[in-house]
1. Report whether or not Thr85 is within 16 Å of Val16 (Cβ to Cβ), modelled with pLDDT under 95 and surrounded by fewer than 20 Cβ atoms within 10 Å (Cβ to Cβ).
2. Being among the acidic types (Asp, Glu) and either in contact with a Phe, Trp or Tyr (Cβ under 7 Å, 6 or more places away or on another chain) or at pLDDT below 95 (or both) is the filter here, so list the residues in the range 90-119 that pass it.
3. Yes or no: the range 3-11 includes at least one residue that is part of a strand (DSSP E or B) and crowded, with 18+ Cβ neighbours inside 10 Å.
4. As an exercise: evaluate Lys69 against (1) surrounded by fewer than 19 Cβ atoms within 10 Å (Cβ to Cβ); (2) over 14 Å from Gln48 (Cα atoms) and give the number of the one condition it does not meet.
5. Pull out all pairs, ordered by first then second residue, where Cβ-Cβ is under 8 Å, the residues are six or more apart or on different chains, the first lies in the range 82-96 and is over 15 Å from Asp111 (Cα atoms), and the second is surrounded by 20 or more Cβ atoms within 10 Å (Cβ to Cβ) and among the small types (Gly, Ala, Ser).
6. Being out of contact with any helix residue (DSSP H, G or I) (no Cβ under 9 Å at 6 or more places or on another chain), more than 18 Å from Tyr112 (Cβ to Cβ) and either modelled with pLDDT under 90 or of a type in the set (Ser, Thr, Tyr) (or both): is that true of Ser7 here?
7. Which of (1) touching a helix residue (DSSP H, G or I) at 6+ places or on another chain (Cβ under 9 Å); (2) of a type in the set (A, V, I, L, M, F, W, C); (3) more than 19 Å from Leu130 (Cβ to Cβ) does Leu33 not meet, given it meets every other one?
Amino acid sequence: MNSKEPSTESANRPRVLVVDDDNEITEALRYALESQGFDVAIASDGNQGLAMAEKYTPDLLILDMMMPKRSGFLVLEQLRREGRTDVRVIMITGNEGSRHQQYAELLGVDDYIRKPFPMDRLVASARRLLKLEESQ
């Protein structure tokens with residue numbers, strides 16, 4: 001497994017859990033988000049993402065739609081069934097269909113970003129969703 005948990009010295013930094021099976025994407029997201037002061041944990045599939053969401057209690061979940069073992073939709077459905085409506089969610093996908101975006105919005109996704117995307121677009125969304133000052 002490719003589970004990478006954040007360090008313990010980052011207790012008051014915003015917590016982001018990235019769930020994506022593409023290692024290049026997760027490492028690029030980790031680098032971009034950590035450089036902006038976020039505490040980042042990585043899960044490489046949906047099942048691992050669910051387990052880490054319970055343990056890590058992220059402020060923001062960045063969730064790939066299509067992954068092995070459990071899709072981003074199934075992860076989000078499970079979190080919502082468990083009453084986890086407090087976590088903000090950005091769904092990232094290579095899928096072009098508007099039907100998928102509509103379903104994501106129905107599940108309460110805060111932002112839906114199609115791949116490939118400029119990294120500053122995702123970082124700006126994370127900052128906006130967590131109401132962080134631009135001057136940080």
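1. In short, no.
2. Matches in the range 90-119: Glu96, Glu105.
3. No; the residues of the range 3-11 include none that is part of a strand (DSSP E or B) and crowded, with 18+ Cβ neighbours inside 10 Å.
4. (2)
5. Partner pairs satisfying both residue conditions: Arg84/Ala53.
6. Yes: the conditions hold for Ser7.
7. Among (1) touching a helix residue (DSSP H, G or I) at 6+ places or on another chain (Cβ under 9 Å); (2) of a type in the set (A, V, I, L, M, F, W, C); (3) more than 19 Å from Leu130 (Cβ to Cβ), the lone unmet condition for Leu33 is (3).
Rundown of residues vs (1) buried (at least 17 other Cβ atoms within 10 Å of the Cβ); (2) in a strand (DSSP E or B); (3) in contact (Cβ under 8 Å) with a residue 24 or more places away in the chain; (4) in contact with a Lys or Arg (Cβ under 9 Å, 6 or more places away or on another chain), yes/no style:
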residue	(1), (2), (3), (4)
Glu27	no, no, no, no
Gln48	yes, no, yes, yes
Lys55	no, no, no, no
Gln101	yes, no, no, yes
Ser125	yes, no, yes, no
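The values are calculated or read from the model by the stated rules, or taken from the named source; none is laboratory data. Quantities reported herein were computed from a predicted structural model and do not represent experimental measurements. FYI the Cβ positions are ideal-geometry reconstructions off the backbone, even for glycines, and counts take in every protein chain you see.
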